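The values are calculated or read from the model by the stated rules, or taken from the named source; none is laboratory data. All of these numbers come straight from a predicted model, not from anything done at the bench. Because the Cβ atoms are built from the backbone with ideal geometry, glycine has one as well, and the counts that use them run over all protein chains shown.
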Amino acid sequence: MTTSSAPVAPVDHTAALVAQSALLAAALDGGDLAAPVAGCPGWDVGRLVRHVGGAHRWTEEIVRTRATGPVPEDINDPDAYAAVPDAALAGWFTEGAGALAAALRDAGPDAPLWTVAPGGTARFWARRMTYETAVHRYDVATALGVPYELDAAVARSGLDEWTEFSVLPQVFESPRALADLLRPGRTLWLRTTADSGAGEGAGWVLDLGGREPVRRPAAPGERATVTVTGTPADLLLLMYGRLTPGSAGIEVTGDVAAFNSWLYEVSSWLRIE
């Protein structure tokens, strides 16, 4: 299936991963690790940080060993890393992020290895862990009441990843769930605002009018079934369920029900976690 899109400025995802991890660790300073995390119901900040730190360590093993197949993981186990004392959690988290960044730099972006989706190189994991960290940093920031900002270029690259995944059959719960979204003429436009650094009207169109989803740039004079407009950071958080179509700064025009149905189905891979 087609996965072309409007050009996205290159991002050094290893550097972005280090920066996002440092900001997450800094947000923990003096914070209540027992504070509940709205974006991950039933979790508190301590469990969330252990989850992300565990994901970093799992990915570091994949990259360091150049794994050619799945590596066992327990990052969703509530008891995983429970032995790490709260007082040491920020340091433990920073250590894991640093080890992952070192493994990525040692491997180089084109090193072949196992990935959970098409990609098959270390570049995939540098990008994936950047957004795993950036979105969960938002969770930590909102739980602890500290400011959150995400660079527009980094957020656009995260949207590029999301939309790239969104046309893969394996992200849907079933072939039927995917088929139910396809309607003649149905298109969804994720449209970034002018202050994104990419120009007014930039973004991605998800064309659901054929036998399979297609990702493409917006055409001149595009009129989509539903258009969702916002900054790259807000649109990224919307995709990950941290914001809603009614959140300040996000505008949805057209068939809102079609957008909600698409977002629910295309987020199946997140609900599996």
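When you look at LEU150, is it part of a loop (DSSP other than H, G, I, E, B), modelled with pLDDT of 95 or more and touching a Phe, Trp or Tyr at 6+ places or on another chain (Cβ under 9 Å), yes or no?
Details: part of a loop (DSSP other than H, G, I, E, B): yes; modelled with pLDDT of 95 or more: yes; touching a Phe, Trp or Tyr at 6+ places or on another chain (Cβ under 9 Å): yes.
Yes; evaluated as a whole, the condition is true for this residue.
Taking the options GLY30, GLY42, name whichever one is more than 22 Å from LEU270 (Cβ to Cβ) and either loosely packed, with under 14 Cβ neighbours inside 10 Å or modelled with pLDDT of 95 or more (or both).
Numbers: GLY42 fails: more than 22 Å from LEU270 (Cβ to Cβ).
Of GLY30, GLY42, the one residue that is more than 22 Å from LEU270 (Cβ to Cβ) and either loosely packed, with under 14 Cβ neighbours inside 10 Å or modelled with pLDDT of 95 or more (or both) is GLY30.
Go through VAL266, VAL205 for me and flag whichever is of a type in the set (Val, Ile, Thr) and farther than 30 Å from ASN76 by Cα.
Values: VAL266 fails: farther than 30 Å from ASN76 by Cα.
Testing whether each residue is of a type in the set (Val, Ile, Thr) and farther than 30 Å from ASN76 by Cα leaves just VAL205.
Determine if the range 166-178 includes at least one residue that is touching a Gly at 6+ places or on another chain (Cβ under 6 Å), among the β-branched types (Val, Ile, Thr) and outside any helix (DSSP H, G or I).
Checked the range 166-178: no residue is touching a Gly at 6+ places or on another chain (Cβ under 6 Å), among the β-branched types (Val, Ile, Thr) and outside any helix (DSSP H, G or I).
A quick yes/no check of all residues on (1) modelled with pLDDT under 95; (2) among the aliphatic types (A, V, I, L, M); (3) surrounded by 14 or more Cβ atoms within 10 Å (Cβ to Cβ):
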residue	(1), (2), (3)
SER196	yes, no, yes
ALA202	yes, yes, yes
VAL205	no, yes, yes
LEU208	no, yes, yes
ARG223	yes, no, no
THR227	no, no, yes
PHE259	no, no, yes
SER268	yes, no, yes
ARG271	yes, no, no
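Looking for something surrounded by fewer than 13 Cβ atoms within 10 Å (Cβ to Cβ), at positive phi and not in a helix (DSSP H, G or I) - is there at least one such residue anywhere in the range 5-15? Reasoning before the result, please.
Residues of the range 5-15 surrounded by fewer than 13 Cβ atoms within 10 Å (Cβ to Cβ): 7, 9-10.
Retained after the next criterion (residues that are at positive phi): none.
No, the range 5-15 contains no residue that is surrounded by fewer than 13 Cβ atoms within 10 Å (Cβ to Cβ), at positive phi and not in a helix (DSSP H, G or I).
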